[in-house]
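S.K.: Please find one structure pasted underneath; my questions will follow.
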Amino acid sequence: MLALAACNRSAPPPPPSPKVTVAHPVERELTDWDEYTARLEAIDSVEVRARVSGYLESVHFREGSVVKKGDLLFLIDPRPYEAQLRRAEGDLELAKSRLNLAQKNLARVDFLIKSNAMSKEEAETRAALVRQAEAGVQASQAAVDAARLDVEFTRVTAPVTGRASRKLVTEGNLINGGVGTQGTLLTTIVSLDPLYVYFEANERDYLKYVRLAKSGERPSSREYKNPVQIGLADEKGFPHEGYMDFVDNQIDRGTGTIQGRAIVPNSDGLLAPGLFVRLRLIGSGRYKALLIPDDAVQSDQAEKFVWVVDGDNKVRYRRVTCGSLHDGLRVVREGLTSQDRVIVKGIQRARPDIVVEAQEEELPPPTPNAAGAPPAPLDAP
C-alpha cells in the first residue's frame, strides 16, 4: 500500500516563467547635439564718461532702469560753455566783417591800376589781406563749432538702448572731462536684446565640425547660422533658441580650445549679461537611428549590452555601441535591428538562456526638438 501511494504522488509543478516587458527599438531621423557651458554677454556694453569738465548739475534717470538711445542721463553746468560759445560767435562776426572789408578793397584794385592810382605791390597786398581774412573766418568758425560741441557735451545722453547701472557720481560734484578713459566714469549701460553667448569647444569637437563641413553633412558655423539651444540653471531642457554667428580664428594654446559665439533673442528680458547657461549646438547631420530607453542599457565593465528576447522567448545577451541621448532614449549605433525585442522592464529578472513571458509595449518617439532644425545661412533674416 505504501508503494502504491508513492507511485500515485504527482511531481511539483515547474516555477512560472519570469514576466518581462519588451519593445522594438524606435527608428527615427535625428540630429546629435553637443553640450557646453556658456556665458551670456551684452552685445553693446558702454562706459558713460564725461567729455567736458564742470559741476554735475542734475541726474535724469532712475538707477537700474532701461534707457533708450538719446535719453538725457546727466546735465553738467552749461553756463561757462555757453559763454565761450557766445564769445566765439562774436569773434566769427568780427572775422566776417574783416573779410567783407578786404574783399571790397580788393574789388577796386582793377580800376585803380588802370588809372595808375595804385601799384602792383599794393594790389598784391590787398589780395593777401583777403586770404588772411578768409583764413580768420575759417578759424573763427571752427572755434564756434568746438564751443557748440562743448555745450552739447554738457548734456550726457545714452549712446545705446539698454539697462543703466547706478550713478557713480552724485549732484554737486566736480567731474573731469577728457578723451577716452580720462573722463570721469558716470555710469555703464548694457544692451539686453539680443545677447551674445560665448563658449569654448575643445580640439576634438573642432576637428569633428571641420570634417562634417568638408563632407557636407553639417555646414560650418563660420558660414551658416547653425541652431543652438539655451537652458538656464533653474530650467529643464533647452527652451531658448538662437543661432551661431562667430567662430574664432585660432586654437588657444593655453587651454586647447576655440571660442564660439551665438546670438539668442531676449524679448521677454529673462536673460541677463553675465549669467552662466547650458548651451547645446547642432553636432551632426541628420541620420537614421535606432533608439531604446536608456535604462535598458547595461554595463559590463567597459562594454555596453542589452537583453533581447528571441523567437523562442529565450533571453539573449547582446553587445551594443551607444550614441547620444534624446529625451530619455539612447541611440544604438551597432548591435540591434528594428526587429529585435529588447527588455525594457523587468531587467533584473533576465538571465542568459532562460525562458520568459514577454509582454510587448510601444516606445514613445522623441520630441521634434531632438531632431534639430535645418541650419540657415548667415545672411538669412
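S.K.: Within the stretch 147-156, is even one residue in contact (Cβ under 8 Å) with a residue 12 or more places away in the chain, small (Gly, Ala, Ser) and surrounded by fewer than 13 Cβ atoms within 10 Å (Cβ to Cβ)? Spell out how you get there, then give the answer.
M.R.: Let us first name the residues in the stretch 147-156 that are in contact (Cβ under 8 Å) with a residue 12 or more places away in the chain, namely 147-148, 150-151, 153-156.
Adding the requirement that they be small (Gly, Ala, Ser) leaves 147.
Within this subset, residues satisfying the condition of being surrounded by fewer than 13 Cβ atoms within 10 Å (Cβ to Cβ) are none.
Looking through the stretch 147-156, none of the residues is in contact (Cβ under 8 Å) with a residue 12 or more places away in the chain, small (Gly, Ala, Ser) and surrounded by fewer than 13 Cβ atoms within 10 Å (Cβ to Cβ).
S.K.: Could you check Leu207 against (1) modelled with pLDDT of 90 or more; (2) open to solvent by less than 70 Å² (accessible area, probe 1.4 Å); (3) assigned to a helix (DSSP H, G or I) and say which number it fails?
M.R.: (2) is the only condition that Leu207 fails.
S.K.: Any idea how many residues of the stretch 225-275 are in a strand (DSSP E or B) and under 15 Å from the mean Cα position of the chain (by Cα)?
M.R.: 20
S.K.: Another question, then. Can you report the number of residues in the stretch 276-311 which are under 14 Å from the mean Cα position of the chain (by Cα) and more than 26 Å from Tyr224 (Cβ to Cβ)?
M.R.: So the answer is 1.
One line per residue, one yes/no per condition, for (1) at positive phi; (2) surrounded by 15 or more Cβ atoms within 10 Å (Cβ to Cβ); (3) in contact with a His (Cβ under 9 Å, 6 or more places away or on another chain):
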| position | (1), (2), (3) |
| --- | --- |
| Val46 | no, yes, no |
| Arg51 | no, yes, no |
| Glu63 | no, no, no |
| Lys69 | no, no, no |
| Leu73 | no, yes, yes |
| Asp77 | no, yes, no |
| Pro80 | no, yes, no |
| Leu85 | no, yes, no |
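S.K.: Please name all residue pairs, on different chains or six or more residues apart, with Cβ atoms under 8 Å, provided the first residue is in the stretch 57-72 and is touching a residue at least 24 places away in the same chain (Cβ under 8 Å) and the second residue is open to solvent by 90 Å² or more (accessible area, probe 1.4 Å) and in a loop (DSSP other than H, G, I, E, B).
M.R.: Between residues of the stretch 57-72 that are touching a residue at least 24 places away in the same chain (Cβ under 8 Å) and residues that are open to solvent by 90 Å² or more (accessible area, probe 1.4 Å) and in a loop (DSSP other than H, G, I, E, B), the close pairs are Glu63/Arg166; Gly64/Arg166; Asp71/His60; Leu72/His60.
S.K.: Let me ask something else. Which one of Leu281, Leu290, Leu275 is touching a Leu at 6+ places or on another chain (Cβ under 6 Å) and open to solvent by less than 50 Å² (accessible area, probe 1.4 Å)? Write out each step before concluding.
M.R.: Details: Leu281 fails: touching a Leu at 6+ places or on another chain (Cβ under 6 Å); Leu275 fails: open to solvent by less than 50 Å² (accessible area, probe 1.4 Å).
Sole residue among the options that is touching a Leu at 6+ places or on another chain (Cβ under 6 Å) and open to solvent by less than 50 Å² (accessible area, probe 1.4 Å): Leu290.
S.K.: Right, another one. Whether any residue in the stretch 8-20 is at pLDDT 85 or above, hydroxyl-bearing (Ser, Thr, Tyr) and open to solvent by 70 Å² or more (accessible area, probe 1.4 Å) is what I want to check.
M.R.: Checked against the condition, which is being at pLDDT 85 or above, hydroxyl-bearing (Ser, Thr, Tyr) and open to solvent by 70 Å² or more (accessible area, probe 1.4 Å), the stretch 8-20 yields no hits at all.
S.K.: Also, I was wondering about something else. Residues in the stretch 167-180: is at least one within 30 Å of Val67 (Cα to Cα), in a helix (DSSP H, G or I) and open to solvent by 30 Å² or more (accessible area, probe 1.4 Å)? Can you show your working first?
M.R.: The initial filter retains those residues of the stretch 167-180 that are within 30 Å of Val67 (Cα to Cα), namely 167-180.
The next check asks that each one be in a helix (DSSP H, G or I); those that pass are 180.
Retained after the next criterion (residues that are open to solvent by 30 Å² or more (accessible area, probe 1.4 Å)): 180.
Yes, because at least one residue in the stretch 167-180 is within 30 Å of Val67 (Cα to Cα), in a helix (DSSP H, G or I) and open to solvent by 30 Å² or more (accessible area, probe 1.4 Å).
S.K.: Can you tell me which residues in the stretch 225-242 are in contact with a Phe, Trp or Tyr (Cβ under 9 Å, 6 or more places away or on another chain) and either among the acidic types (Asp, Glu) or over 19 Å from Gly274 (Cα atoms) (or both)?
M.R.: Lys225, Asn226, Pro227
S.K.: A further question on this structure: Considering only residues that are open to solvent by less than 20 Å² (accessible area, probe 1.4 Å) and among the acidic types (Asp, Glu), which ones fall in the stretch 214-233?
M.R.: Hits for the stretch 214-233: nothing passes.
S.K.: Within the stretch 256-269, work out how many residues are open to solvent by 70 Å² or more (accessible area, probe 1.4 Å) and modelled with pLDDT under 90.
M.R.: Qualifying residue count for the region: 2.
S.K.: Can you find, within the stretch 293-303, the residue that is nearest to Tyr317 (Cα to Cα) among those that are of a type in the set (Gly, Ala, Ser) and open to solvent by 70 Å² or more (accessible area, probe 1.4 Å)? Write out each step before concluding.
M.R.: Filtering the stretch 293-303 down to residues of a type in the set (Gly, Ala, Ser) leaves 296, 299, 302.
If we keep only those that are open to solvent by 70 Å² or more (accessible area, probe 1.4 Å) too, we end up with 299, 302.
Numbers: Ser299: 12, Ala302: 15 Å.
If we take residues in the stretch 293-303 being of a type in the set (Gly, Ala, Ser) and open to solvent by 70 Å² or more (accessible area, probe 1.4 Å), then Ser299 is nearest to Tyr317 (Cα to Cα).
S.K.: Let me ask something else about it. Can you tell me which residue among Gly283, Gly372, Gly328 is out of contact with any His (no Cβ under 6 Å at 6 or more places or on another chain) and at pLDDT 80 or above?
M.R.: Gly283
S.K.: Now, a different point. Among the residues of the stretch 130-149, which ones are at pLDDT 85 or above and of a type in the set (Lys, Arg)?
M.R.: Matches in the stretch 130-149: Arg148 only.
S.K.: Further question on the same structure: How about the stretch 87-98: which of its residues are open to solvent by less than 30 Å² (accessible area, probe 1.4 Å) and not small (Gly, Ala, Ser)?
M.R.: Within the stretch 87-98, the first condition is being open to solvent by less than 30 Å² (accessible area, probe 1.4 Å), and the residues that meet it are 88, 92, 95.
If the condition is that a residue be open to solvent by less than 30 Å² (accessible area, probe 1.4 Å) and not small (Gly, Ala, Ser), then Leu92 is the only one that fits.
S.K.: Another question, then. Test Glu217 against the criterion of being within 19 Å of the chain's Cα centre (by Cα) and farther than 30 Å from Glu89 by Cα, and give yes or no.
M.R.: No, not satisfied.
S.K.: Would you mind finding the one in Ala135, Ala143 that is over 33 Å from the mean Cα position of the chain (by Cα), surrounded by fewer than 16 Cβ atoms within 10 Å (Cβ to Cβ) and among the hydrophobic types (A, V, I, L, M, F, W, C)?
M.R.: When all the criteria are applied, what remains is Ala135.
The values are calculated or read from the model by the stated rules, or taken from the named source; none is laboratory data. No experiment lies behind these values; they were computed from the predicted model shown. No Cβ is skipped: glycine too gets one built from the backbone with ideal geometry, and neighbour counts run over all protein chains shown. Surface areas here come from the heavy atoms of the whole protein model, side chains and all, with no ligands, DNA or RNA. Shrake-Rupley method; radii C 1.70, N 1.55, O 1.52, S 1.80 Å.
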